[in-house]
Amino acid sequence: MEVEKMDENEWKYHGEGNQSLVVSHCQRCVVLRFLKSPPNQNKTSEEILHHLQNIVDFGKHVMKQFFGENYVHHGEIIQLPLDFVRQLCLKIQPERPESRCDKDMDTLSGYAMCLPNLTRLQTYRFVEHRPILCIEIKPKCGFIPFSSHVSQEIKHKVCRYCMHQHLKVANGKWKRPSKYCPLDLFSGNKQRMHFALKSLLQEAQNNLKIFKNGELIYGCKDDQDFACDWNELARHLKPFFFPSNGLVSGPHCTRTIVKELIHVITMALLSSTDACRAGDMKTVPISQGRSYCEASAFNKELVRNGKHKLESSGLPRGCILYKTLQAQMLDMLDIEGLYPLYSRVEQYLEEFPEERSTLQIDGPYNEAFYEKLLDLSTEDDGTVAFALTKVQQYRIAMTAKDCSIMIALSPCLQDECSEQRPVVLTSKSRFTFSVSVLDLDLKLYESIPHQYKLDGKIVNYYLKNVQAKDNPVMSNRFKENEDCTLVLHKV
């Protein structure tokens, strides 16, 4: 890419996370990612370069081993003219949400990551003038903790996502809890997957977005509330699924188009190709723990209808959901079992702070770092080495729990489809597609105490305000605990 010919007017604000800001080019299928920092806390150019290099190396040497070559696009670091960066910053500043403006885009180093635009087809060369649909899904954690370190039985029955929904609504982050449950999506059972995807479409929150030719057409931006309008979505999607325009308009048309969309997403998520095989990572048995969540709306509906067995068909080994779940299940001890090991590492670092670089806590994220992740034993031998391995595996798992899956689709004619190109069929159309994984920055080592406290808040709120209401005996127990005061008198 020729940086000297870049016109800042051809770039647009694409979105941002806690640490970085992304802009995409209107014509080229690339995005630029810049680091952010709080005002008056700018890092040096060397620190920016080192941080970006760590991100690239982590994707290249670690996450590609879990997801496979075609799913992970680690990008490369480029240096841009500072005047171009400043002009670009001025152009996109008015488009940034107010909640994100507490940090400034790095305009001093000139370093940025250049990545493919994952709202476009990635794996296969295709005609660029064809319309492209992209669905971004943040599936979250797809299993129930199976660790013996879990102190509250509810964590063995209700998934983290479903419990967290209630706390988020109470804190005003969302107006309504979602009916989406990750365990339904990760079940491999098409009926449960369809229900999960329909729930995401009804209450997208920040777990689902849909793009048409790179433009967001459905889903909320950051934490903004989002009003579901399936009729408007159907208007955008109709040319993709019913190009001959033979379907009548109205509610029936909308439901049919949404149903077709859900079918396409499901087939893409379950697809598997030999080219996308991951490395030789030993896998955590997915059979550990239960395969359903008691709080799932799908599960509750079954119980209401007198059925108590929730079918779990299992995931094809090569599909993106299987790979994601395997990486997530490196969290074998749960945060409750992990936190004491983190404290052991912290105590060691207090005594020997110079060892931090030797332990590779802040990188480099190379082949040696990956090799240390291969030990899946859970028997604690009391060493710092064991504790550190579990801490690093937990960080990988947390990264996989928060990643996004991008499914890019483009219509193709029958004579254009070949065995080398994955294709999914609908009743009236056929699509070639690519699947990619986004948001694969390694979770911070320093975030573990926050995760431990948050876990306690989520569980305690759910027990006190949700389960207690469903269980009168439990409710009375909470009231007794709240009203009981032990007074000690001097005798």
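The values are calculated or read from the model by the stated rules, or taken from the named source; none is laboratory data. Note that the structure is a prediction, hence the values are computed from the model and not measured. With ideal geometry, Cβ positions are generated from the backbone for all residues, glycine too; neighbour counts draw on all protein chains shown. For the accessible areas, the whole protein counts, side chains as well, though only heavy atoms, and no ligand, DNA or RNA atoms are used. Shrake-Rupley method; radii C 1.70, N 1.55, O 1.52, S 1.80 Å.
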When restricted to Asp102, Asp57, Asp7, the only residue under 30 Å from Arg317 (Cβ atoms) and among the acidic types (Asp, Glu) is Asp57
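Restricting to the stretch 204-235, name every residue that is open to solvent by less than 30 Å² (accessible area, probe 1.4 Å) and at pLDDT 85 or above. Spell out the reasoning first.
Taking the stretch 204-235 first, the residues open to solvent by less than 30 Å² (accessible area, probe 1.4 Å) are 204-205, 207-208, 210-211, 214, 218-220, 222, 233-234.
Passing the criteria: Ala204, Gln205, Asn207, Leu208, Ile210, Phe211, Gly214, Tyr218, Gly219, Leu233, Ala234.
Out of the helices (runs of 4 or more DSSP H) lying entirely within the stretch 324-415, which hold 3 or more residues that are in the same structural domain as Gly142 (by the TED database) and surrounded by 14 or more Cβ atoms within 10 Å (Cβ to Cβ)? Can you show your working first?
On the way: elements: 334-351, 367-371, 384-401.
Here the list reads 334-351, 384-401.
From Pro81, Pro97, grab the single residue that is touching a residue at least 24 places away in the same chain (Cβ under 8 Å), within 30 Å of Leu200 (Cα to Cα), outside the structural domain of Cys403 (by the TED database) and open to solvent by less than 70 Å² (accessible area, probe 1.4 Å).
Numbers: Pro81 fails: within 30 Å of Leu200 (Cα to Cα).
Checking each option against the conditions leaves just Pro97.
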Residue count, the stretch 19-68, condition among the small types (Gly, Ala, Ser), more than 30 Å from Leu374 (Cβ to Cβ) and open to solvent by less than 30 Å² (accessible area, probe 1.4 Å), comes to 2
